[in-house]
Amino acid sequence: MFRSRFKTVQLQLKTHKTSIFISCPQEMTFNEAKERTLSALTAFPDEKDVPKVQSIEDFEICVGRLSKK
(Lines give C-alpha, C1' and ligand atoms only; values in the text may rest on other atoms or scores of the structure.)
Protein backbone atom coordinates (compact mmCIF):
# COMPACT_ATOMS: atom_id res chain seq x y z
CA MET A 1 0.00 0.00 0.00
CA PHE A 2 1.34 3.43 -0.94
CA ARG A 3 1.83 5.84 1.95
CA SER A 4 1.43 9.49 1.08
CA ARG A 5 3.83 12.10 2.41
CA PHE A 6 2.87 14.40 5.23
CA LYS A 7 1.67 17.83 4.12
CA THR A 8 3.00 19.48 7.27
CA VAL A 9 5.80 18.61 9.65
CA GLN A 10 5.74 19.24 13.41
CA LEU A 11 8.94 20.86 14.67
CA GLN A 12 10.09 21.40 18.25
CA LEU A 13 12.15 24.55 18.66
CA LYS A 14 14.05 25.03 21.91
CA THR A 15 15.80 27.94 23.51
CA HIS A 16 17.06 27.52 27.06
CA LYS A 17 14.18 25.89 28.98
CA THR A 18 11.39 26.88 26.58
CA SER A 19 10.07 24.57 23.88
CA ILE A 20 7.96 25.77 20.98
CA PHE A 21 6.14 23.40 18.65
CA ILE A 22 5.31 24.67 15.17
CA SER A 23 3.84 23.12 12.06
CA CYS A 24 5.66 23.80 8.80
CA PRO A 25 4.86 22.91 5.20
CA GLN A 26 6.80 19.97 3.86
CA GLU A 27 8.69 22.20 1.42
CA MET A 28 10.06 24.53 4.12
CA THR A 29 13.75 24.18 4.96
CA PHE A 30 15.06 24.23 8.53
CA ASN A 31 16.68 27.61 7.93
CA GLU A 32 13.35 29.06 6.79
CA ALA A 33 11.65 27.61 9.87
CA LYS A 34 14.34 29.11 12.10
CA GLU A 35 13.99 32.52 10.42
CA ARG A 36 10.21 32.47 10.96
CA THR A 37 10.65 31.43 14.57
CA LEU A 38 13.24 34.13 15.18
CA SER A 39 10.85 36.69 13.71
CA ALA A 40 8.05 35.48 16.00
CA LEU A 41 10.25 35.49 19.11
CA THR A 42 11.56 38.99 18.47
CA ALA A 43 8.08 40.38 17.74
CA PHE A 44 7.39 40.65 21.49
CA PRO A 45 10.48 42.30 23.01
CA ASP A 46 8.77 43.39 26.25
CA GLU A 47 7.21 40.04 27.14
CA LYS A 48 9.06 38.41 30.02
CA ASP A 49 7.89 34.87 29.15
CA VAL A 50 9.22 35.03 25.58
CA PRO A 51 12.88 33.98 25.34
CA LYS A 52 15.31 36.71 24.32
CA VAL A 53 17.08 35.58 21.16
CA GLN A 54 19.27 37.59 18.84
CA SER A 55 19.99 35.16 16.00
CA ILE A 56 19.12 31.72 14.69
CA GLU A 57 22.18 30.33 16.49
CA ASP A 58 20.47 30.98 19.85
CA PHE A 59 18.18 27.96 19.38
CA GLU A 60 18.31 24.64 17.57
CA ILE A 61 15.90 22.43 15.69
CA CYS A 62 15.48 18.92 17.13
CA VAL A 63 14.49 16.10 14.82
CA GLY A 64 12.37 13.49 16.58
CA ARG A 65 12.67 9.86 15.61
CA LEU A 66 10.16 7.15 16.35
CA SER A 67 11.75 4.16 18.04
CA LYS A 68 10.73 0.60 17.25
CA LYS A 69 9.24 -1.37 20.11
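Looking across the range 19-69, the residues that are assigned to a loop (DSSP other than H, G, I, E, B), among the charged types (D, E, K, R) and touching a Ser or Thr at 6+ places or on another chain (Cβ under 9 Å) come down to Asp49, Lys52. Residues in the range 10-32 that are surrounded by 13 or more Cβ atoms within 10 Å (Cβ to Cβ), under 14 Å from Asp58 (Cα atoms) and modelled with pLDDT of 85 or more: 0 in all. Just so you know, in the range 33-52 the residues that are touching a strand residue (DSSP E or B) at 6+ places or on another chain (Cβ under 6 Å) and not polar (S, T, N, Q) include one that is modelled with the highest pLDDT, and it is Ala33.
The values are calculated or read from the model by the stated rules, or taken from the named source; none is laboratory data. All of these numbers come straight from a predicted model, not from anything done at the bench. For neighbour counting, all protein chains shown are included, and Cβ atoms are generated from backbone atoms with ideal geometry for every residue, glycine included.
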